[in-house]
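The next block holds one structure in the form of structure tokens; read it before the comments.
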Protein chains: 2
Amino acid sequence: MLPEEDRKRVIIEGVKPEVDGGRFPVKRVVGEKVIVEADVFADSHDSLAAVVKFRKDGDLRWSELFMKHLANDRWEGAFQVTGMGRYLYTLEAWVDRFKTWRDDLKKKVAAGQEVSVDVLIGVELVKEAVSRANQADGRKLTEWGVRLERQSRSTLDPGFFTGMDDELLPLMHKYPDRRFATLYERELEVVVDRPKARFSSWYEMFPRSCTSQAEKHGTFKECEARLSYVSRMGFDVLYLPPIHPIGRTNRKGKNNQPAALPEDVGSPWAIGAAEGGHKSVHPQLGTLEDFRKFVAKAQEQGLEIALDIAFQCTPDHPYVQEHPEWFRRRPDNTIQYAENPPKKYEDIYPIHFETDNWQELWTELKEVMVFWIRQGVKIFRVDNPHTKSFRFWEWAIQEIKREYPEVLFLAEAFTRPKVMYRLAKLGFSQSYTYFAWRNTKWEITRYFTELCRSDVREFFRPNLWTNTPDILTEYLQMGGRPAFVTRLILAATLGASYGIYGPAFELCENQAKEFGSEEYLDSEKYQIRVWDMDRGDSLRQLIGRVNRIRKENPALQSDWSLRFHPIDNEQLLCYTKNTEDLSNIVLVVVNLDPHHIHSGWLELPLAEFGVDEDRPYQVHDLLSEARYLWNGPRNYVEINPREVSGHIFRLRRRVRTERDFDYFM
Amino acid sequence: MLPEEDRKRVIIEGVKPEVDGGRFPVKRVVGEKVIVEADVFADSHDSLAAVVKFRKDGDLRWSELFMKHLANDRWEGAFQVTGMGRYLYTLEAWVDRFKTWRDDLKKKVAAGQEVSVDVLIGVELVKEAVSRANQADGRKLTEWGVRLERQSRSTLDPGFFTGMDDELLPLMHKYPDRRFATLYERELEVVVDRPKARFSSWYEMFPRSCTSQAEKHGTFKECEARLSYVSRMGFDVLYLPPIHPIGRTNRKGKNNQPAALPEDVGSPWAIGAAEGGHKSVHPQLGTLEDFRKFVAKAQEQGLEIALDIAFQCTPDHPYVQEHPEWFRRRPDNTIQYAENPPKKYEDIYPIHFETDNWQELWTELKEVMVFWIRQGVKIFRVDNPHTKSFRFWEWAIQEIKREYPEVLFLAEAFTRPKVMYRLAKLGFSQSYTYFAWRNTKWEITRYFTELCRSDVREFFRPNLWTNTPDILTEYLQMGGRPAFVTRLILAATLGASYGIYGPAFELCENQAKEFGSEEYLDSEKYQIRVWDMDRGDSLRQLIGRVNRIRKENPALQSDWSLRFHPIDNEQLLCYTKNTEDLSNIVLVVVNLDPHHIHSGWLELPLAEFGVDEDRPYQVHDLLSEARYLWNGPRNYVEINPREVSGHIFRLRRRVRTERDFDYFM
């Protein structure tokens, strides 16, 4: 009834990070550390040793790094992930007999006890280690054994432990007795992405609106001219709604009218027509060749193109003829259109993921993404992934990333929290959030504390959008230009990844279709819009400055350091982000009320930022270039939303003498 | 690359209870419920169905009970455990296509839409169900199919859904399409004990002190006379320190003196002598036959005997000769005695759990417990389990409980929290706690909230001891008789299981060996003590009353309902326990200061107790029999520690008219 070997006395439990008992990987980007914590303990009072073991998926051998004891049986170790792909990690721990012996011996010597037999126990341990050591170390160990044996016959001199700790202890540490070592029962995973998974600035734009006349459909060629406009604002991802042929059957007209006029262009999300489906380009935008050129031109300007993956078909989609079994059929032999009873969407056929031909279907959908990867696309914004099978996404993303680890997936799921988290767990690199609807201090503080400071951050990377073609929030509708500025500063500093839908955003477009709706009036979803990009009141300069601040301040390129600080005015929000080494600390104060001037006293934990409470420090507003000398944790701020509705301060500590010119860094 | 079947759209995660990802079982007693919660959701907006599946270990078939949706994708189900032993449980969930269809149809009808084709979809679903149904139900379903088909040709009348919901919905619910059902990936365990695991009152006593002269060693026969004394105080477990032969080599004298005098009796925890070891009875206590008789007599008085399991040996223990390999050997060929450097315990040899002959050792140690089970012992108090291999305990307890599921194990481990919790997880039925050292309001509130309201309660059952032969706390030493009363009330009402070490406790023995020590002066660990049980100032009457209150009030027989309530005096502690149905609510108020009268206003959440805020209710002090009429949540309490330092109120709601005599229950 007893197992073959059960003398493993060390327990390893409470391992972090570990998502759902190891069911899902944690996420990192290249160059980041994985800090692993665990409870490690054994019966009795022996000293223990523990290592984190890690390897890149595919490598045969584990690397090991020693962990250190923090307190209360909690241990910590860390390793760095240096390449894209999957890493595995686990833990191993054992009783460190030599360390136990040494600590006990020290106590006995201190108490003046006779220890000759105890020293001989050490000799035995050293002799055992010889058999595990390489030749050179084995010789050294043998010498130590002899030395100890000699010691056992005399009184230990006080210098004995110093010599032993310097030489013998590290040597013994290298050749531990791991016969009864405990290996943690799970191998855990890390998915390592390229840095853009963590830090990215997105701009969404309808390519067909890259035109000077509403009657003239924009083309990829015309879009090329728009690239420098976007790139000069400092964005690095340009996301396009679907670029495929648009269905004609039941096409929606302007402002989502049930019947389209002949000249209406339809919604890009109504995918599929005689000209092709998910692997085709809308002929009015250009050819596949044009698209590839556009991708290349964008790249020259530092812009990556993100494509929309919307797995749904119009009645005109080639799949409907080629694979009628991929759709649900109604008893009258028509195909089931999309519905959210009592609403009907007769221009859209949802794909039936439970079809008996599911394997061919799933493979084809995956191939759609691979097709665009081959055209140079490395980022996908996935439309409503929560209305497709979770298992499909887990499988498809894993398959694709195995071959193309650089590909990133943004989940556009505005649904219940557990569903959004599940999508992130199963593989999406970034996720849309509820940011657009979090406007009060309490809402923002609570939501971003959950996203950035809880275990959620191990798998969920937020991407904060100020607006989208579907979301013109009440706050933006009501608050005028200051509301846009506030939401821009919040998105760009709360989120290492954020996005705007333009030019609607920078032109402060805030006309809703009707009162109580978040839909834009004359939405680009259903028509071509001509924008005056050069309007004097455009926010493009400010956006450019904000994005430059993001690039120059590494504190803003990650979310994990986000901390909110007290400020005695409910309309003012105060938070910081910092690099681990505190070389870059950014303090943001925002006025959430777009209508009134607000002022208040904020309070900073200066000691934690390495700032001397007794000496002045500088806060440098990177938006206005104003610099203020502050002293102590409590300081006064006043923000007029008619000017700029927030400060993005860099906190500069005094580093040199007062005679130097630039004495804050 | 695709698995054989991956069309399982439902996700099951966040299951509770689940200890360490299912690595350990949760604990229940016979008759209790296991309430299972989980996040259950799928893509899209379909209705779902979920069941808890459970079976007794050994049974081949699962039973299933439907779960219900709470909110925010959280589902709940429950099953009852009706016998001792192990149960397994897991979850299964699927898309409920019929319910989805019915809900959608209802919305369409409400919107006045034409639904003939939709009704036919229902017909298809009903026809599919026929193939899964038994004959009788199949006939009914077929009839419903015909009826629906007829309906599809006319307008649905308003009564249609009522009829369908009453008859067809439950029928379809019985025969769901579970082809793509998701089975939760783990099978979880419940260990079901007899009720005493949850509710028990312990009395510890040295059998050798059952004597009228310190020179005369008490015997089991004399102990029989003490049984009614203990039983009349209302205890149901009588725990004896080890009853085995005591070693002579390096025996400790009175008050733990290094050298024993010839007449010194030694410590019962120094186990093993020429007369035998762990399976023998100390000859001065009597024979094995005497012990068995004593166990039987105790049982007649409603007392179960709990034995001490202390796996350690004196140099005289037969194991030392028979199995020298079960002990560590020193280089001078002596056996390694116990030590905690620089302290040495040369009268004790610890057992070496890593011995190469570990399998024989472990088997023998398990057999020691089985031996005593065969003598009628069903409860073990295990001495310092944390200094023996965790894996040994997990294996031994599991093996023993497989054959003797009624056996209970109490872990006497006063060590770091994670170690104590691990022992509970791996199988100990009850655990000693830090209770003895938790004396202030903040300490008690924090500690018992952790034990009784967090997930810890799923595996850790606290047993609260006021004192032990090793623990005479500072509080008891300093506080006089009121301190004893306070600690008694706290132990007996905070803990469904508690214990005292007597007669030291009821006689308020509070002389420590020296200042700063928790050791008793003239400790029974090293000598026979003659106690005057009939002293007028004994607490035995009060203890008897407290134990009777525990028996009569089921609220006190479980820990999970414990809640602390605000009271505006730092020296007063206020808490309640209640049965699930609120038929029994006990309110305890204790004065933690043994020296001064304290008073304060407490505040109760009356609505949650089903008490009308506008009408008076009665609190009936079960200790003093005083009754008070209270009104509203805030009430005044004053406690004089010179009288009784706490109230144990039963809260009685008004249930009949005012003319009735007994109108509170």
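The values are calculated or read from the model by the stated rules, or taken from the named source; none is laboratory data. Fair warning: this is a prediction, and the values are worked out from it, not measured in the lab. Note: ideal-geometry Cβ built from the backbone for every residue, glycine included; neighbour counts use all protein chains shown. Quick note on the areas: whole protein, heavy atoms, side chains included, nothing else; ligands and nucleic acids left out. Shrake-Rupley method; radii C 1.70, N 1.55, O 1.52, S 1.80 Å.
If the condition is being more than 14 Å from every other protein chain (Cβ to nearest Cβ) and among the polar types (S, T, N, Q), then the stretch A:28-67 contributes only A:Ser63. Residue count for the stretch B:580-630 under the criterion of being in a loop (DSSP other than H, G, I, E, B), under 26 Å from the mean Cα position of the chain (by Cα) and within 19 Å of B:Leu490 (Cα to Cα): the result is 4. Looking only at the stretch A:442-451, decide whether some residue is under 24 Å from A:Ile543 (Cα atoms), touching a strand residue (DSSP E or B) at 6+ places or on another chain (Cβ under 8 Å), at pLDDT 95 or above and surrounded by fewer than 18 Cβ atoms within 10 Å (Cβ to Cβ). The answer is yes, given that some residue of the stretch A:442-451 is under 24 Å from A:Ile543 (Cα atoms), touching a strand residue (DSSP E or B) at 6+ places or on another chain (Cβ under 8 Å), at pLDDT 95 or above and surrounded by fewer than 18 Cβ atoms within 10 Å (Cβ to Cβ).
Screening the stretch B:149-166 for residues that are more than 20 Å from A:Pro341 (Cα to Cα) and at pLDDT 90 or above and picking the one that is farthest from the other protein chains (Cβ to nearest Cβ) gives B:Asp166. Among the residues of the stretch B:415-439, those that are assigned to a loop (DSSP other than H, G, I, E, B) and either modelled with pLDDT under 95 or more than 19 Å from B:Tyr239 (Cα to Cα) (or both) comprise B:Thr415, B:Arg416, B:Leu426, B:Gly427, B:Tyr434, B:Arg438, B:Asn439. So is A:Phe505 in a loop (DSSP other than H, G, I, E, B), closer than 30 Å to A:Thr449 by Cβ and open to solvent by less than 20 Å² (accessible area, probe 1.4 Å) or not? Considered against the rule, which asks whether it is in a loop (DSSP other than H, G, I, E, B), closer than 30 Å to A:Thr449 by Cβ and open to solvent by less than 20 Å² (accessible area, probe 1.4 Å), A:Phe505 comes out as yes. All of A:Gln80, A:Gln113, A:Gln135 fail the test of being farther than 26 Å from A:Phe41 by Cα and modelled with pLDDT of 95 or more, apart from A:Gln135.
Here A:Arg481 meets each of (1) surrounded by 24 or more Cβ atoms within 10 Å (Cβ to Cβ); (2) in contact with a Cys (Cβ under 6 Å, 6 or more places away or on another chain) with one exception, condition (1). Consider A:Arg529 carefully, then state whether it is modelled with pLDDT of 95 or more and in contact with a strand residue (DSSP E or B) (Cβ under 6 Å, 6 or more places away or on another chain). No, not satisfied.
The single condition from (1) under 28 Å from the mean Cα position of the chain (by Cα); (2) buried (at least 20 other Cβ atoms within 10 Å of the Cβ); (3) more than 8 Å from every other protein chain (Cβ to nearest Cβ) that A:Val368 fails is (2).
Has the stretch A:87-100 got at least one residue that is part of a helix (DSSP H, G or I), touching a Leu at 6+ places or on another chain (Cβ under 7 Å) and among the aromatic types (Phe, Trp, Tyr)? Yes; the residues of the stretch A:87-100 include at least one that is part of a helix (DSSP H, G or I), touching a Leu at 6+ places or on another chain (Cβ under 7 Å) and among the aromatic types (Phe, Trp, Tyr). Can you tell me which residue is farthest from the chain's Cα centre (by Cα) among those in the stretch A:257-273 that are farther than 16 Å from A:His217 by Cβ and buried (at least 16 other Cβ atoms within 10 Å of the Cβ)? So the residue we want is A:Gly272. Going through (1) within 10 Å of chain B (Cβ to nearest Cβ); (2) touching a strand residue (DSSP E or B) at 6+ places or on another chain (Cβ under 7 Å) one by one, A:Pro25 falls short only on (1).
Here's the yes/no breakdown for (1) closer than 30 Å to B:Asp308 by Cα; (2) surrounded by 17 or more Cβ atoms within 10 Å (Cβ to Cβ); (3) not acidic (Asp, Glu):
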| position | (1), (2), (3) |
| --- | --- |
| B:Glu167 | no, no, no |
| B:Arg179 | no, no, yes |
| B:Val192 | yes, yes, yes |
| B:Glu215 | yes, no, no |
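Only a single item in (1) farther than 26 Å from B:Val382 by Cβ; (2) not in a helix (DSSP H, G or I) is not met by B:Trp442, and it is number (2). Evaluated against (1) assigned to a helix (DSSP H, G or I); (2) buried (at least 19 other Cβ atoms within 10 Å of the Cβ); (3) in contact with an Asp or Glu (Cβ under 7 Å, 6 or more places away or on another chain), B:Tyr239 falls short on exactly one condition, (1).
Summed over the stretch A:1-21, residues that are in a strand (DSSP E or B) and within 8 Å of another protein chain (Cβ to nearest Cβ) total 3. Restricting attention to the stretch B:631-643 and to residues that are under 19 Å from B:Leu488 (Cα atoms) and part of a loop (DSSP other than H, G, I, E, B), the residue that is most open to solvent (accessible area, probe 1.4 Å) turns out to be B:Arg642.
Every residue, every condition in (1) farther than 29 Å from A:Val15 by Cβ; (2) surrounded by 18 or more Cβ atoms within 10 Å (Cβ to Cβ); (3) of a type in the set (Asp, Glu), yes or no:
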{"position": "B:Val10", "(1), (2), (3)": "no, yes, no"}
{"position": "B:Ile35", "(1), (2), (3)": "no, no, no"}
{"position": "B:Gly58", "(1), (2), (3)": "yes, no, no"}
{"position": "B:Phe66", "(1), (2), (3)": "yes, no, no"}
{"position": "B:Leu91", "(1), (2), (3)": "no, yes, no"}
{"position": "B:Thr100", "(1), (2), (3)": "yes, no, no"}
{"position": "B:Leu105", "(1), (2), (3)": "yes, yes, no"}
{"position": "B:Val117", "(1), (2), (3)": "yes, no, no"}
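Looking only at the stretch B:382-403, filter to residues that are open to solvent by 10 Å² or more (accessible area, probe 1.4 Å) and within 20 Å of the chain's Cα centre (by Cα); which one of those is nearest to the other protein chains (Cβ to nearest Cβ)? By that ranking, first place goes to B:His386. The residues of the stretch B:68-123 that are polar (S, T, N, Q), over 26 Å from B:Phe180 (Cβ atoms) and away from chain A (no Cβ under 11 Å), listed by number, are B:Gln80, B:Thr82.
If you check B:Trp358, B:Trp326, B:Trp362 for being within 14 Å of chain A (Cβ to nearest Cβ), crowded, with 16+ Cβ neighbours inside 10 Å, touching a His at 6+ places or on another chain (Cβ under 7 Å) and at negative phi, only one passes: B:Trp326. Going by what's in this entry, would B:Lys254 be described as surrounded by fewer than 19 Cβ atoms within 10 Å (Cβ to Cβ), modelled with pLDDT of 95 or more and touching a Phe, Trp or Tyr at 6+ places or on another chain (Cβ under 7 Å)? Yes.
Scanning the stretch B:583-607 for residues that are open to solvent by 40 Å² or more (accessible area, probe 1.4 Å) and either modelled with pLDDT under 95 or of a type outside the set (D, E, K, R) (or both) returns B:Ser583, B:His595, B:His596, B:Ile597, B:Ser599, B:Trp601, B:Ala607. Criterion applied to B:Val95, B:Val123 was being in contact with a Ser or Thr (Cβ under 9 Å, 6 or more places away or on another chain) and crowded, with 20+ Cβ neighbours inside 10 Å, and the one residue passing it is B:Val95.
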